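Please treat every number below as a calculation from the coordinates, not as lab data. The structure presented is a predicted model; accordingly, all values stated were derived computationally and were not measured. Note: ideal-geometry Cβ built from the backbone for every residue, glycine included; neighbour counts use all protein chains shown.
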């Protein structure tokens with residue numbers, strides 16, 4: 001399974017990265033109804049930090065972000081599964097497809113976490129540059145422009161004809 005395809009289905013709700021039940025069902029090639037049945041049968045395995053039902057407000061906000069059609073709609077609010085909840089799904093769903101998809105989903109979550117750490121590292125470097133150059137940068141483009149102009153000044157300074165005594 002392609003990581004980008006999975007990463008597009010990961011959303012942020014309540015400060016947690018989650019995947020929705022119907023996206024997971026589609027990946028696992030089962031009906032959403034069957035996925036929810038399996039979860040309800042094993043509800044003790046899914047505490048609130050593993051899986052929760054979206055509120056109607058959360059669902060409306062999320063639906064506008066994912067450009068879901070309101071026509072037809074869903075009868076029930078979707079379940080949201082955190083990374084731990086998705087890992088727990090592998091103990092509930094016993095197909096080879098479910099195992100393979102779970103591995104891909106776990107890799108996508110790890111990849112996103114690594115990206116977030118590198119982003120955090122980049123922000124740290126940006127703050128250091130702001131202190132070093134005593135200038136506040138709004139975005140990365142401004143940083144690059146500033147550095148390019150600084151380098152151009154340095155090059156133009158070194159290309160100038162030197163004045164003073166000649167040896």
Using a 10 Å cut-off on Cβ atoms, rank the peptides 11-18, 39-46 from the highest mean neighbour count down. 11-18, 39-46
Rank by packing, highest mean first: peptides 20-32, 85-97, 121-133, with packing defined as the count of other Cβ atoms within 10 Å averaged across residues. 20-32, 85-97, 121-133
What is the calculated FRET efficiency for residue 103 to residue 31, with r their C-beta to C-beta distance and R₀ = 25 Å, to the nearest 0.05? 0.70
